[in-house]
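Following: one structure in structure tokens, then a few remarks.
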Amino acid sequence: MAEVRVRFAPSPTGPLHIGGARSALFNWLFARHHHGIMVVRIEDTDLDRSTRAYEELILESMRWLGMDWDEGIGVGGPNGPYRQQERLHLYQPFVEQLLESGQAYHCYCSEEELDAERQKLTAQGQTPRYLGKCRNLSQQDREEKCAVGRKPVVRFRVPEDTLLVVDDMVRGRVEFESDGIGDFIIVKSDGIPTYNFAVVLDDALMNITHILRGEEHLSNTPRQLLIYQALNFKLPRFAHISLILGEDRSKMSKRHGATSVVQYRDQGYLPEALVNFLALLGWSPEGEKEIYTAEELAQLFSLERVSKSPAVFNFAKLKWMNAHYIKEAPLEDITKQCVPYLQKAGLVEANPSPQQWMWLEQVVATSQEKIEYLAQAPELLQAFFGETVILDQSDEDAKRVLALETSPAVIAAFLTKVQEVSEWDGDLVRQLIKEVGKNVGVKGKALFMTVRVAVSGQSHGPDLNALLVLLGPTLVAKRLTNMLASL
Ligand code: GLU
Ligand code: ZN
């Protein structure tokens with residue numbers, strides 16, 4: 001294959017969404033698989049909705065996911081500039097060429113006229129489209145319209161009765177009738193080209209060989225094909241990737257949960273997990289394996305195994321995958337990433353000392369296997385923080401255990417033992433609890449669960465021994481005193 005050149009061309013009108021991230025990733029995997037070139041450029045012709053802040057956020061999301069690019073925004077290259085607003089002068093000669101050859105023409109219709117036409121067609125049960133009122137205006141007609149201050153748009157003259165065929169690498173042969181399309185706008189009255197026009201010029205001028213993008217753009221493709229033909233540009237290959245659906249099989253949206261990459265980052269999903277998960281949304285390598293590094297994915301990626309049917313976004317699977325990566329990560333890294341969440345919850349102070357960091361690592365270690373996403377850290381680890389214990393009122397088991405006849409005696413006996421030591425380790429803790437059991441005459445749940453609830457306010461949580469050791473006898477004594485007083 002000749003050099004593969006792909007592109008990701010986001011519109012900076014919002015953060016990078018899951019669907020966009022997956023399109024970017026498929027392009028990246030395809031480029032890396034073929035040792036090709038990945039171009040990133042910005043489609044900012046929607047002047048009202050495009051912002052530099054969103055552009056930055058999108059690029060930041062891509063970098064966070066670990067995607068790099070060879071040409072385009074931020075890296076430069078021979079085909080710049082890479083923002084459409086900065087390319088307007090490059091589009092102009094092509095507009096003139098199409099106007100001169102008669103493949104495009106000026107349209108002076110007002111919004112009201114176009115509205116009326118749309119309504120009429122809809123009422124007749126037809127597809128609303130432009131019927132070509134200004135197709136054959138004379139020079140004089142045009143001058144008159146201009147004289148009264150009408151600003152024209154430029155429309156592409158769509159040939160009649162022509163079959164347009166997209167030979168799609170994912171969807172196969174897809175046919176469109178040109179008659180359903182209507183002469184479409186390629187330059188708006190303010191001189192800004194429309195998406196369908198600018199995208200073709202960019203792709204052609206940047207020698208893009210493969211266009212991998214979301215299925216929602218499939219219906220644009222026949223318009224783009226017409227422009228390729230009119231300007232004699234070499235056609236790239238198209239591959240339209242299926243939609244992402246929520247678990248109820250409707251199009252993935254905010255209702256289903258977080259939709260932007262930064263939201264997942266902020267909840268504490270690891271980029272490796274998100275990349276792994278997104279890669280398997282609509283593509284699958286051979287075999288049963290589900291955990292892949294980005295390099296493995298790039299090695300295996302092929303469009304042949306991209307599915308035609310929609311991909312369902314399975315949150316449980318994403319959490320499972322993220323938990324896997326958290327479990328596998330070095331404890332030090334995970335601790336560093338958990339601490340900001342603990343600080344935000346007011347559990348850890350701003351600048352922990354080196355000793356505190358060591359302690360925090362041991363705290364995080366007790367739950368590294370259980371964390372699904374890092375924002376869970378405060379909830380999972382709260383038992384390690386604070387002098388007083390608040391009984392979790394929704395925890396029926398905890399309440400039941402505290403109500404046991406033996407519980408006050410267990411707590412009091414344990415308190416006495418704890419006050420006798422100034423430091424302890426796991427063995428000593430075990431021994432002390434055992435002695436309490438013997439003295440009070442209880443064992444099993446009535447012993448261990450009582451101690452747990454008295455110390456943490458909950459019937460579940462981190463390993464009891466680890467909890468006690470890391471809290472230390474002084475703090476445990478305070479909590480027990482407190483709990484006894486509240487009984
Ligand atoms: N700017 C378009 C979008 O963000 C991409 C269009 C394309 O890939 O052709 O959806
Ligand atoms: Zn018109």
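When restricted to residues that are in contact (Cβ under 8 Å) with a residue 40 or more places away in the chain and not in a helix (DSSP H, G or I), the stretch 318-346 contains 1. Filtering Leu331, Leu360 for residues that are loosely packed, with under 15 Cβ neighbours inside 10 Å and farther than 29 Å from His256 by Cβ leaves a single hit, Leu331. If you go through the stretch 255-277 and keep only what is closer than 30 Å to Ala198 by Cα and either without any contact (Cβ under 8 Å) to a residue 40 or more places away in the chain or surrounded by fewer than 17 Cβ atoms within 10 Å (Cβ to Cβ) (or both), you end up with just Val262.
Restricting attention to the stretch 181-201, which residues are under 26 Å from the mean Cα position of the chain (by Cα) and open to solvent by less than 30 Å² (accessible area, probe 1.4 Å)?
Those that are under 26 Å from the mean Cα position of the chain (by Cα) and open to solvent by less than 30 Å² (accessible area, probe 1.4 Å): Asn196, Val199.
Please verify whether the stretch 117-137 includes one or more residues that are surrounded by 13 or more Cβ atoms within 10 Å (Cβ to Cβ), within 16 Å of ligand 1 (Cβ to nearest atom) and under 40 Å from the mean Cα position of the chain (by Cα). No; the residues of the stretch 117-137 include none that is surrounded by 13 or more Cβ atoms within 10 Å (Cβ to Cβ), within 16 Å of ligand 1 (Cβ to nearest atom) and under 40 Å from the mean Cα position of the chain (by Cα). Checking Tyr341, Tyr325 one by one, the residue that is closer than 25 Å to Asp68 by Cβ and modelled with pLDDT of 95 or more is Tyr325 and no other. Is at least one residue of the stretch 24-47 among the polar types (S, T, N, Q), within 14 Å of Tyr82 (Cβ to Cβ), touching a strand residue (DSSP E or B) at 6+ places or on another chain (Cβ under 9 Å) and crowded, with 20+ Cβ neighbours inside 10 Å? Looking for residues that are among the polar types (S, T, N, Q), within 14 Å of Tyr82 (Cβ to Cβ), touching a strand residue (DSSP E or B) at 6+ places or on another chain (Cβ under 9 Å) and crowded, with 20+ Cβ neighbours inside 10 Å, one finds at least one in the stretch 24-47, hence yes. The one condition from (1) in contact with a helix residue (DSSP H, G or I) (Cβ under 9 Å, 6 or more places away or on another chain); (2) farther than 28 Å from Leu226 by Cβ; (3) open to solvent by less than 70 Å² (accessible area, probe 1.4 Å) that Ala9 does not meet is (2). Of all residues in the stretch 103-127, those satisfying the criterion of being touching a residue at least 24 places away in the same chain (Cβ under 8 Å) and either within 12 Å of ligand 2 (Cβ to nearest atom) or over 18 Å from Pro193 (Cα atoms) (or both) are Tyr105, His106, Cys107, Tyr108, Cys109, Ser110, Thr127. Taken over the stretch 290-309, the criterion of being open to solvent by less than 60 Å² (accessible area, probe 1.4 Å), part of a loop (DSSP other than H, G, I, E, B) and within 24 Å of Arg249 (Cα to Cα) is satisfied by Ser307 alone. Assess whether Arg213 counts as being modelled with pLDDT under 95, under 25 Å from the mean Cα position of the chain (by Cα) and basic (Lys, Arg). No: the conditions fail for Arg213. Looking across the stretch 111-131 at every residue that is of a type in the set (Ser, Thr, Tyr) and not in a helix (DSSP H, G or I), the one that is modelled with the highest pLDDT is identified as Tyr130.
Only one residue in Glu379, Glu369, Glu349, Glu387 is in a helix (DSSP H, G or I) and either at pLDDT below 95 or open to solvent by 10 Å² or more (accessible area, probe 1.4 Å) (or both), so which one is that?
Glu379
Just one residue in the set Ala413, Ala398 is within 18 Å of Leu468 (Cα to Cα), open to solvent by less than 40 Å² (accessible area, probe 1.4 Å), among the aliphatic types (A, V, I, L, M) and in contact (Cβ under 8 Å) with a residue 60 or more places away in the chain; that residue is Ala398.
A single member of Ser178, Ser284, Ser219 is of a type in the set (S, T, N, Q), out of contact with any Cys (no Cβ under 9 Å at 6 or more places or on another chain), open to solvent by 20 Å² or more (accessible area, probe 1.4 Å) and over 17 Å from Leu25 (Cα atoms), and it is Ser219. Picking from residues in the stretch 138-175 that are open to solvent by 60 Å² or more (accessible area, probe 1.4 Å) and within 14 Å of ligand 2 (Cβ to nearest atom), the one that is farthest from Phe197 (Cα to Cα) is Glu144. Selection of the stretch 187-216 for residues being within 30 Å of Gly77 (Cβ to Cβ) and more than 15 Å from ligand 1 (Cβ to nearest atom) yields Val187, Lys188, Asp190, Gly191, Asn207.
Does Leu99 satisfy being open to solvent by 20 Å² or more (accessible area, probe 1.4 Å), hydrophobic (A, V, I, L, M, F, W, C) and within 16 Å of ligand 2 (Cβ to nearest atom)? Yes: the conditions hold for Leu99. Restricting attention to the stretch 222-252, and to residues there that are within 16 Å of ligand 1 (Cβ to nearest atom) and open to solvent by 20 Å² or more (accessible area, probe 1.4 Å), which single residue is nearest to Ala104 (Cα to Cα)? The extreme case among them is Arg223. The residues listed here are Val442, Val455; of these, the one that is of a type in the set (Val, Ile, Thr) and either buried (at least 22 other Cβ atoms within 10 Å of the Cβ) or modelled with pLDDT under 95 (or both) is Val455.
For the stretch 320-373, the set of residues classified as touching a helix residue (DSSP H, G or I) at 6+ places or on another chain (Cβ under 6 Å) and of a type in the set (Gly, Ala, Ser) consists of Ala345, Ala365, Ser367, listed by residue number.
The values are calculated or read from the model by the stated rules, or taken from the named source; none is laboratory data. No experiment lies behind these values; they were computed from the predicted model shown. Here Cβ is always computed from backbone atoms with ideal geometry, including for glycine, and neighbour counts include all displayed protein chains. Only protein heavy atoms, including side chains, enter the accessible area calculation; ligands, DNA and RNA are left aside. Shrake-Rupley method; radii C 1.70, N 1.55, O 1.52, S 1.80 Å.
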